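Novice: Have a look at the structure that comes next, please.
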Amino acid sequence: MKPHRAKPFLVFLLFGVLAGAVALAWTFSAATLQPAALQTVELPPATPPQGMSLSALPTGSMTSRAAFAYRGGRFGDEREFAMTAVLVRHPRGDLLFDTGFGRHLEQHLALQPALMRATANFSKGTPAADQLAAHGFDTGRLAGVVLTHAHWDHVSGLDSLPGVPVWVNAAERDFIAGGGDMTSVARSLDRLEFKLYRFTDRPYLGFAQSLDVWGDGSVVLVPAAGHTPGSMIAFITLPSGARYALLGDLVWQAEGIDLPAERPWISRALADVDASAVRENIARVAAIHRRFPQIRMLPAHDARAMGSLPVFPTAAQ
């Protein structure tokens, strides 16, 4: 390059770098979504049986920054990201929603992208299976492990639940088979027994489809594709009338629904297969939250929300 051309080139390069930095910074700025128009005016009926209950099984955590969880979050706001399984006991069959960390966390972490391993600190707790066994709960009696989605931190604990059926829909089963690094842990686990379920064309709280698992309205699954192709949300109603929504990774922190706000661009690019579908589902759930504030919204990784649940063997009923 001739000397007299070097200066304009460097100016152009500097301008490009600065423009890129500004554009990236903008993707972290506060930006709220408009909640969807919700036509439902009544809560769906439910007749949960006596003896039904809900308990949390915390299995560890990781630390990150609010800025990576939702637009408008601060880099100086360190957050604990929970890794918690949820046990729903029901006379017709007990279900474990997600598993959190398993016994072989180190091996599972080694399968993850280097960027993820370098930017988060992980704290290992007691696997859900070991917590259950310590209190005399036979994991063989589980009707299944119901995955909100199949990312590694939601399936790691399957390593200590051999033979327990893993409930997924067809879209998530196919994602496991071809999801690359995102589902490497699920593929590494031997002898997973998938139990496929299908949604029916029965609307539920603004979702066009649903699956009433036990036919009494106590456990209702709805499709919420976007974070993964077969992501779902579980609505749980207990005999006391308490209602919960297990949101999986639709949002990572409660602000995602409260504001509502999506993840910043870099988090969407790394974690979501369809960011526009995630955005639509956040808007739908935000509308449900405003219309029915009695439903406790539980993002899987919000330690504040998950920490409010009773820990097994205690239970909400």
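Novice: Could you tell me whether any residue of segment 164-185 is of a type in the set (Ser, Thr, Tyr), open to solvent by less than 40 Å² (accessible area, probe 1.4 Å) and at pLDDT below 95?
Specialist: Within segment 164-185, the subset of a type in the set (Ser, Thr, Tyr) is 183-184.
Checking which are open to solvent by less than 40 Å² (accessible area, probe 1.4 Å) leaves us with 183-184.
So of that shortlist, the ones also at pLDDT below 95 come out as 183-184.
Within segment 164-185, one or more residues are of a type in the set (Ser, Thr, Tyr), open to solvent by less than 40 Å² (accessible area, probe 1.4 Å) and at pLDDT below 95.
Novice: Looking at segment 195-209, which of its residues are part of a strand (DSSP E or B) and surrounded by fewer than 16 Cβ atoms within 10 Å (Cβ to Cβ)?
Specialist: Residues of segment 195-209 part of a strand (DSSP E or B): 195-196, 200, 204, 207.
Across segment 195-209, the qualifying residues are Lys195, Leu196, Thr200.
Novice: Could you give me the residue pairs with C-beta distances under 6 Å whose first residue belongs to segment 241-268 and is under 9 Å from Pro299 (Cβ atoms), whose second residue is open to solvent by less than 10 Å² (accessible area, probe 1.4 Å) and of a type in the set (Asp, Glu) wherever it lies, and which are 6+ apart or on separate chains?
Specialist: Close Cβ pairs (under 6 Å, with a partner that is open to solvent by less than 10 Å² (accessible area, probe 1.4 Å) and of a type in the set (Asp, Glu)) amount to Gln253/Asp302; Ala254/Asp302.
Novice: Residue check: is Gly136 over 18 Å from the mean Cα position of the chain (by Cα), open to solvent by 10 Å² or more (accessible area, probe 1.4 Å), of a type in the set (Gly, Ala, Ser) and farther than 23 Å from Gly60 by Cα?
Specialist: Values: over 18 Å from the mean Cα position of the chain (by Cα): yes; open to solvent by 10 Å² or more (accessible area, probe 1.4 Å): yes; of a type in the set (Gly, Ala, Ser): yes; farther than 23 Å from Gly60 by Cα: no.
No.
Novice: Taking the residues in segment 292-315 that are surrounded by 18 or more Cβ atoms within 10 Å (Cβ to Cβ) and out of contact with any Asp or Glu (no Cβ under 8 Å at 6 or more places or on another chain) as candidates, determine which candidate is nearest to Leu96 (Cα to Cα). Don't jump to the end; show me each part of the working.
Specialist: Just the residues of segment 292-315 that are surrounded by 18 or more Cβ atoms within 10 Å (Cβ to Cβ), to begin with: 295, 297-303, 305-306, 309, 312.
Among the residues that remain, those that are also out of contact with any Asp or Glu (no Cβ under 8 Å at 6 or more places or on another chain) are: 295, 297-298, 302, 305-306, 309, 312.
Numbers: Ile295: 20, Met297: 18, Leu298: 15, Asp302: 18, Ala305: 18, Met306: 15, Leu309: 15, Phe312: 12 Å.
The residue in question is Phe312.
Novice: Select from segment 243-271 the residues that are surrounded by fewer than 24 Cβ atoms within 10 Å (Cβ to Cβ) and part of a strand (DSSP E or B) and write down the one among them that is nearest to the chain's Cα centre (by Cα).
Specialist: Ala245
Novice: Within segment 246-275, how many residues turn out to be among the basic types (Lys, Arg) and under 11 Å from Gly226 (Cα atoms)? Write out each step before concluding.
Specialist: Step one: of segment 246-275, the residues among the basic types (Lys, Arg) are 263, 268.
Filter once more, keeping what is under 11 Å from Gly226 (Cα atoms): 268.
Residues meeting the conditions: 1.
Novice: OK, next. Could you go through segment 186-193 and let me know if any residue there is open to solvent by 60 Å² or more (accessible area, probe 1.4 Å), part of a loop (DSSP other than H, G, I, E, B), of a type in the set (Lys, Arg) and closer than 25 Å to Asp272 by Cα. Don't jump to the end; show me each part of the working.
Specialist: Within segment 186-193, the subset open to solvent by 60 Å² or more (accessible area, probe 1.4 Å) is 187, 190-191, 193.
Still in the running and part of a loop (DSSP other than H, G, I, E, B): 190-191, 193.
Next cut, of a type in the set (Lys, Arg) only: 191.
Add one more test, that the residue is closer than 25 Å to Asp272 by Cα, and what stays is none.
So far as segment 186-193 goes, no, none of its residues is open to solvent by 60 Å² or more (accessible area, probe 1.4 Å), part of a loop (DSSP other than H, G, I, E, B), of a type in the set (Lys, Arg) and closer than 25 Å to Asp272 by Cα.
One line per residue, one yes/no per condition, for (1) in contact with a helix residue (DSSP H, G or I) (Cβ under 6 Å, 6 or more places away or on another chain); (2) small (Gly, Ala, Ser); (3) without any contact (Cβ under 8 Å) to a residue 60 or more places away in the chain:
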position: Glu106; (1), (2), (3): no, no, yes
position: Leu111; (1), (2), (3): yes, no, no
position: Ala120; (1), (2), (3): no, yes, yes
position: Lys124; (1), (2), (3): yes, no, no
position: Ala133; (1), (2), (3): no, yes, yes
position: Asp138; (1), (2), (3): no, no, yes
position: Leu142; (1), (2), (3): no, no, yes
position: Thr148; (1), (2), (3): no, no, no
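Novice: Sort out which residues of segment 268-293 are closer than 23 Å to Thr84 by Cα and either touching a strand residue (DSSP E or B) at 6+ places or on another chain (Cβ under 6 Å) or aromatic (Phe, Trp, Tyr) (or both), and write them in order of number.
Specialist: Answer for segment 268-293, where residues must be closer than 23 Å to Thr84 by Cα and either touching a strand residue (DSSP E or B) at 6+ places or on another chain (Cβ under 6 Å) or aromatic (Phe, Trp, Tyr) (or both): just His289.
Novice: Scan Gly226, Gly157 and give me the residue that is outside any strand (DSSP E or B), open to solvent by less than 20 Å² (accessible area, probe 1.4 Å) and within 21 Å of Leu38 (Cα to Cα). Break it down into steps so the answer makes sense when it comes.
Specialist: Working: Gly157 fails: within 21 Å of Leu38 (Cα to Cα).
One residue alone meets the criteria, Gly226.
Novice: A follow-up question, please. Mind checking whether some residue in segment 129-137 is in a loop (DSSP other than H, G, I, E, B), of a type outside the set (Ser, Thr, Tyr) and within 18 Å of Gln112 (Cβ to Cβ)?
Specialist: Initially, segment 129-137 is screened for residues in a loop (DSSP other than H, G, I, E, B), giving 135-137.
Remaining after also requiring of a type outside the set (Ser, Thr, Tyr): 135-137.
Next cut, within 18 Å of Gln112 (Cβ to Cβ) only: none.
Scanning segment 129-137 turns up no residue that is in a loop (DSSP other than H, G, I, E, B), of a type outside the set (Ser, Thr, Tyr) and within 18 Å of Gln112 (Cβ to Cβ).
Novice: Taking segment 224-279, which residues are modelled with pLDDT of 95 or more and β-branched (Val, Ile, Thr)?
Specialist: Thr228, Ile233, Ile236, Thr237, Val251, Ile257, Val273, Val278 - these are the residues of segment 224-279 that are modelled with pLDDT of 95 or more and β-branched (Val, Ile, Thr).
Novice: Checking the conditions here, which among Ala261, Ala305, Ala275, Ala269 is of a type in the set (Gly, Ala, Ser) and closer than 16 Å to Ile233 by Cα?
Specialist: Answer to the selection: Ala305.
Novice: Given the structure, is Val220 open to solvent by less than 10 Å² (accessible area, probe 1.4 Å) and touching a residue at least 12 places away in the same chain (Cβ under 8 Å)? Outline the logic, then answer.
Specialist: Details: open to solvent by less than 10 Å² (accessible area, probe 1.4 Å): yes; touching a residue at least 12 places away in the same chain (Cβ under 8 Å): yes.
The answer is yes for Val220.
Novice: Every residue in segment 272-291 that is more than 24 Å from Pro203 (Cα to Cα) and open to solvent by 30 Å² or more (accessible area, probe 1.4 Å), please. Talk me through it step by step, then tell me what you get.
Specialist: Taking segment 272-291 first, the residues more than 24 Å from Pro203 (Cα to Cα) are 272-273.
Passing the criteria: only Val273.
The values are calculated or read from the model by the stated rules, or taken from the named source; none is laboratory data. Bear in mind the structure is a predicted one, so any value in this text is a computation, not a measurement. We place every Cβ from the backbone using ideal geometry, glycine too, and count neighbours over all the protein chains shown. Ligands, DNA and RNA are excluded from the accessible area calculation, which covers all protein heavy atoms including side chains. Shrake-Rupley method; radii C 1.70, N 1.55, O 1.52, S 1.80 Å.
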